[in-house]
Amino acid sequence: MKYVILIHSNPQPWGHPTSDYLGAHQALPAEVRDRLNAEFEQVMAELQANGELLGGEALGDPANARLYRWRDGEPLASDGPYSEAKEHLAGFFLIDVAGQARAEEVAARFSGPDETVELRPLMWPGGDDQ
Amino acid sequence: MTGSVLDDVWRREAPHVLGALLRRYGDLGDCEEALQDAAEVAAARWPVDGVPDAPRAWLITVASRRLIDRARADSARVRRETLDAAQRPYATQDLTTHDRDDTLRLFFLCCHPALTRPSQVALCLRAVAGLSVEQIAAAYLVPVRTMTQRLSRARTALRQAGARFVLPSQRDLPDRVAAVIDVCHLVFTEGYTRTSGEELLDVLLVKEAIRLVRQLHAALPDHAEVAGALALMLLTHARSPARVDAAGDLVPLAEQDRSLWRRDLITEGVELLERNLPRGHVGRFQLQAAITAVHAEAATYKETDWLQISLLYDMLGRVAPSPAVTLNHAVAVAMAHDPAAGLAVLEPLLDDPAMQRHHRLYAVRGHLLDLNGDAEDAKKQYRIAARLTASMPEQRYLNRKLAR
């Protein structure tokens, strides 16, 4: 089953890995930070070795976003960010795993202070005819 | 000579060549690589020179030479064994009489218990069915890189588990055959439940699954569950032309145009079942096939022998209990008796935490409430089902019901 793991974050300045630019993360004792980083490296290596990782991308600064809204029957362009929310979409990972339990286990390991990790199932084009 | 002739020869011979190499050299990863090299040589030479009279022997010779070259060139772990194995001349029987057992050994190796189900599936399609990594990746809608990783992970796991190219012991045999059937069935379901996207790829998986089970059936003709799995696939695949409408939307069994069902597949499936049903223990695939056969023989959804189907689901629930079986049982009971009786069958599932997030529970409950004349509560259930499902055609179907 395929899932997307969405990383909502607000690094200052915008940068990747986001944890390097998050005050709450930087405020952690060095050994905790090292452990979190090592765990992240490990889960990525594991996903890759298992053939569970389909891909992922880091996104640019939301200030660089262009937004298109429909006005009077035409697209009207403006500059981002999309919302004044505390967090923005910073990146995503696509995974293909055995089921919900495994997906939750993986997503939990992506989390860190001052970030929200969102796990969403992908819709698929098939279905049962029963 | 056309590409498809080459392809046919290749697909027919590849598992046997791999079997002959494995019997001698043992390591799946090394043998597959050598076979791949031989395939490349064949692809270059055969269109020019013609297909050799004995393509299997030709491929074995070329692949063996590659294995030996590689062992000489590198001081890796396989070197001594490979060279030792190469000293022994091939007996003629190596090339011919091992067909049946080779197929089985290859199935068992690819479905080794040290591997996860997705790895077993990928390895079977690669080594037994002879599909390319690109084809398998495309069929499962994953990048080639991901599929390559899955396959190499699987080969490493086999190596670490010390898996060998042998038949399992009598004691292990039932479980090992069950795993192989399960893998074939997973391939089938993956293809059959698709409704859109690359139609060719969906048909590819359905056809490969049937082809694999046919091979398994030829190797184990007296195994009733193998016959049952083949019958189930044929009888289910018979519905393919009717299960999607012109707009690409899913048509549920109740609304399918039965004149589109493939009679040839139904006949073959029913015959297989009749030949195998009376032999003692009845397994889950035979029961599922029997249920599908009852559907196949009904002129309309209403005229279906629902009593028979509810009895078969009751048996299936005892042989292989699962929430999915209970859900189908509930529908059959509702049709055979009355909707309230069907709703009662669902009761135990309502307390199951895993099912509380499963859309099918709510879809079935909505359907039964609808039949019971409780349109308001039915809608509530459909709404939950539509939100929970990850299937686009099912979601569209449920949303249509809500809009009514």
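Can you report the number of residues in segment B:219-263 which are among the polar types (S, T, N, Q) and more than 13 Å from chain A (Cβ to nearest Cβ)?
1
Being surrounded by 14 or more Cβ atoms within 10 Å (Cβ to Cβ) and over 22 Å from the mean Cα position of the chain (by Cα) is the filter here; which residues of segment B:257-271 pass it?
Once the filter is applied, which keeps residues that are surrounded by 14 or more Cβ atoms within 10 Å (Cβ to Cβ) and over 22 Å from the mean Cα position of the chain (by Cα), segment B:257-271 yields only B:Arg258.
Counting only residues that are within 14 Å of chain B (Cβ to nearest Cβ) and part of a strand (DSSP E or B), how many does segment A:1-39 have?
Total meeting the criteria: 3.
Just to be sure before I move on: is B:Leu123 assigned to a helix (DSSP H, G or I), of a type outside the set (Gly, Ala, Ser) and within 14 Å of chain A (Cβ to nearest Cβ) in the structure I sent?
yes
Restricting the first residue to segment B:129-141 and requiring it to be among the acidic types (Asp, Glu), which pairs with a second residue that is assigned to a helix (DSSP H, G or I) and at pLDDT 90 or above meet a Cβ separation below 6 Å and a spacing of at least six or different chains?
Note: pairs meeting the criteria are B:Glu134/B:Val144.
Could you list, in sequence order, the residues of segment B:307-331 that are touching a residue at least 24 places away in the same chain (Cβ under 8 Å), surrounded by fewer than 20 Cβ atoms within 10 Å (Cβ to Cβ) and within 27 Å of B:Ser259 (Cα to Cα)?
Listed by number, the list holds a single entry, B:Leu307.
Considering only residues that are outside any helix (DSSP H, G or I) and of a type in the set (Ser, Thr, Tyr), look in segment B:345-404 and name the one that is nearest to the other protein chains (Cβ to nearest Cβ).
B:Ser391
Give the residue that is nearest to the other protein chains (Cβ to nearest Cβ), with candidates limited to residues of segment B:134-152 that are crowded, with 21+ Cβ neighbours inside 10 Å and touching a Gly at 6+ places or on another chain (Cβ under 6 Å).
B:Arg150
For segment B:1-56, what are the residues that are closer than 24 Å to B:Gln160 by Cβ, of a type outside the set (Asp, Glu), free of Cβ contacts under 8 Å to residues at least 60 places away in the same chain and crowded, with 20+ Cβ neighbours inside 10 Å?
Across segment B:1-56, the qualifying residues are B:Leu21, B:Cys31, B:Ala34, B:Leu35.
If you go through segment B:126-148 one residue at a time, how many are in contact with a Leu (Cβ under 8 Å, 6 or more places away or on another chain), part of a helix (DSSP H, G or I) and more than 29 Å from B:Val9 (Cβ to Cβ)?
1
Take segment A:105-130 and flag every residue that is touching a residue at least 12 places away in the same chain (Cβ under 8 Å), within 16 Å of B:Glu190 (Cβ to Cβ) and of a type outside the set (Phe, Trp, Tyr).
Across segment A:105-130, the qualifying residue is only A:Leu122.
Check segment B:106-126 and report whether any residue there is in contact with a strand residue (DSSP E or B) (Cβ under 9 Å, 6 or more places away or on another chain) and free of Cβ contacts under 8 Å to residues at least 40 places away in the same chain.
yes
Scan segment B:359-383 residue by residue and report those that are of a type outside the set (D, E, K, R) and surrounded by fewer than 18 Cβ atoms within 10 Å (Cβ to Cβ).
Passing the criteria: B:Leu371, B:Asn372, B:Gly373, B:Ala375.
For segment A:46-61, what are the residues that are within 11 Å of chain B (Cβ to nearest Cβ) and either part of a helix (DSSP H, G or I) or farther than 17 Å from B:Pro143 by Cα (or both)?
Hits for segment A:46-61 are A:Glu46, A:Leu47, A:Gln48, A:Ala49, A:Asn50.
Residue-wise test of (1) farther than 19 Å from B:Leu186 by Cα; (2) modelled with pLDDT of 95 or more.
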residue	(1), (2)
B:Pro221	yes, no
B:Leu230	no, yes
B:Thr236	no, yes
B:Pro252	yes, no
B:Trp261	yes, yes
B:Arg275	yes, no
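Which one is nearest to A:Gln42 (Cα to Cα) among residues in segment A:111-126 that are in contact with a helix residue (DSSP H, G or I) (Cβ under 7 Å, 6 or more places away or on another chain) and away from chain B (no Cβ under 12 Å)?
Checking each candidate, the answer is A:Gly112.
For the structure I just gave you, tell me whether B:Leu272 is part of a helix (DSSP H, G or I) and within 30 Å of B:Ala363 (Cα to Cα).
no
Test of understanding: among A:Ala98, A:Ala65, A:Ala77, A:Ala103, which residue is modelled with pLDDT of 90 or more and within 14 Å of chain B (Cβ to nearest Cβ)?
Every option except A:Ala103 fails the conditions.
Just one of the numbered conditions (1) over 22 Å from the mean Cα position of the chain (by Cα); (2) farther than 19 Å from B:Asp202 by Cβ is not true of B:Arg284; which one?
Only one criterion in (1) over 22 Å from the mean Cα position of the chain (by Cα); (2) farther than 19 Å from B:Asp202 by Cβ is unmet by B:Arg284, namely (1).
Looking at this structure, is B:Arg159 part of a loop (DSSP other than H, G, I, E, B), away from every other protein chain (no Cβ under 14 Å), over 20 Å from A:Leu54 (Cβ atoms) and out of contact with any Cys (no Cβ under 6 Å at 6 or more places or on another chain)?
no
Identify the residue in segment B:217-256 that is closer than 16 Å to B:Leu205 by Cβ, touching a residue at least 40 places away in the same chain (Cβ under 8 Å) and among the hydrophobic types (A, V, I, L, M, F, W, C) and, among all such residues, is surrounded by the fewest Cβ atoms within 10 Å (Cβ to Cβ).
Taking the candidates together, the pick is B:Val244.
The values are calculated or read from the model by the stated rules, or taken from the named source; none is laboratory data. From a predicted model like this one, the values you see are computed outputs, not experimental measurements. Cβ: placed from backbone, ideal geometry, glycine included. Neighbour counts: every protein chain shown.
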